[in-house]
Amino acid sequence: MTIPVTRRPVAALALAVLAGFALQPAAAAEPYPAKPVKLIVPFAPGGSTDIVARLVADRMQQALGQPVVVDNRAGAGGTIGAEAVARATPDGYTIGMGTVSTLAVNPVLLKAARLDPLKDFAPITALASIPSVFSTHPSLKVGNFKEFVGLVRSKPDQFTSGSPGTGSIGHLIIEAMNNDLQLQLRHIPYRGMSMVINGALAGETQVLSDQYPSSAPFIKSGKLVPFAVAADKRLAALPNVPTLQELGYPELNQLAITWFGLVAPARTPAAVVARLQAAAAEALKDPVLQAKLRDMGAQPIGNSPEQFGAMIGASLERVRHVVQTRKIEVE
C-alpha cells in the first residue's frame, strides 16, 4: 500500500529550519558587557578628573560584572583623549570622562578641536561637581562681595587675577567676572593651576578663582579671604560666604562649577548607554565612594543621559557667550 506524501509538511519543515537559522545570531548574541570596558581619561594621572574616574570605575565594575580599566590619554588640553573616545567603535566598550574643559571650552576656543560635543558623543551621566571659591589676597583688606566689587571698580585695571593659561576655563571665568560684575581685572596666564595658587599667595595677583578643596587650607589659615562661592548652595565650611547665584549672577555661578561626566561615542546603542548609566548611578550610591568624593569637595550627581546632555548644551552656550562678548581668541 502506497502512502501519499504531500508537499505541505515538507514546505512547513523547510520554513521552520530557515527560521531557526535566522534566529541563531540573536540567540547567540552575548549580553553587554561581555568583556572589560575601557574608560579614557583625557588628562594625566593624579588630577581631580583622574581621581573621580578611578573611584567610579572601581565601583562600576561591581555593577557591570566586568573590569572598567582607566586609560589616561593626556595632551592638547584634553583634546587627544576626547577625540579617542569620539572615534572609538560605538559598542560600549570604550567610554570617556568629559569635563567642562573638554566638552565646552575646547570645542569653542581651540581651532584644532574637531569635535562637536552634541553630535560626536552620547552622554551617559554627570558623575560629580566641585564648587569653586573666589578669594582675595589679604592685602586688599576686603571682607565681603560688596567691598570687593566696590574696591575693584574704583581702581580699574589695577588688580590682577591668574589662570592656568589663555583659553583655559580659569581665563574664561576671569573674563566672565569682568563682564558680569563690571570689573577690569587684568588676566595673568600661568603654566598650571599650582603656579596660579602660588602667585595668589605671594600677592603677585590679588584675586583668585579656584576649586574649593585646593584653596581651603589657605582660607582656613587666613592667607586667602573668600568673598563668594560658585555652588548650588552655600558650603557648610563657609556658611557666611554667599553663592554667586544668591548674589544675582547665576551664569557666572554655573560657569565656575567644575563637573565631571561619562560619555560614549555617538551612535552607541541606547540600551548600552542605559546599562552604563545604571551602573554609574549604582556606584555613586556607595557610602565609601560618597565619603571619598566629599573628602575632595565633590558632590555626586548621577543624572540621566538627557539631563547630562542638557548640562553640556548649557555649558557650551555659556562659554560661547563669554568668548563672543569678550572677543577671546586662542592661536
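Some points to look at:
- Some residue of region 68-89 being open to solvent by 40 Å² or more (accessible area, probe 1.4 Å), farther than 28 Å from Leu289 by Cα and touching a residue at least 40 places away in the same chain (Cβ under 8 Å): yes
- Members of region 258-274 found to be part of a helix (DSSP H, G or I) and touching a Pro at 6+ places or on another chain (Cβ under 8 Å), listed by number: Val273, Ala274
- Residue within region 102-121 that is touching a helix residue (DSSP H, G or I) at 6+ places or on another chain (Cβ under 8 Å) and assigned to a strand (DSSP E or B) present: yes
- The residues listed here are Gln277, Gln254, Gln290, Gln245; of these, the one that is part of a loop (DSSP other than H, G, I, E, B) and surrounded by 14 or more Cβ atoms within 10 Å (Cβ to Cβ) is Gln245.
- Taking region 129-166 as the range and being open to solvent by 10 Å² or more (accessible area, probe 1.4 Å), under 20 Å from the mean Cα position of the chain (by Cα) and in contact (Cβ under 8 Å) with a residue 60 or more places away in the chain as the test, the residues that pass are Ser129, Pro131, Thr166.
- Residue, least open to solvent (accessible area, probe 1.4 Å), within region 39-59, restricted to residues that are in contact (Cβ under 8 Å) with a residue 24 or more places away in the chain and part of a loop (DSSP other than H, G, I, E, B): Pro42
The values are calculated or read from the model by the stated rules, or taken from the named source; none is laboratory data. All values derive from a computational prediction rather than experimental measurement. Neighbour counts run over all protein chains shown; Cβ positions are idealised from the backbone, glycine included. For accessibility, only protein heavy atoms count, side chains too; no ligands or nucleic acids. Shrake-Rupley method; radii C 1.70, N 1.55, O 1.52, S 1.80 Å.
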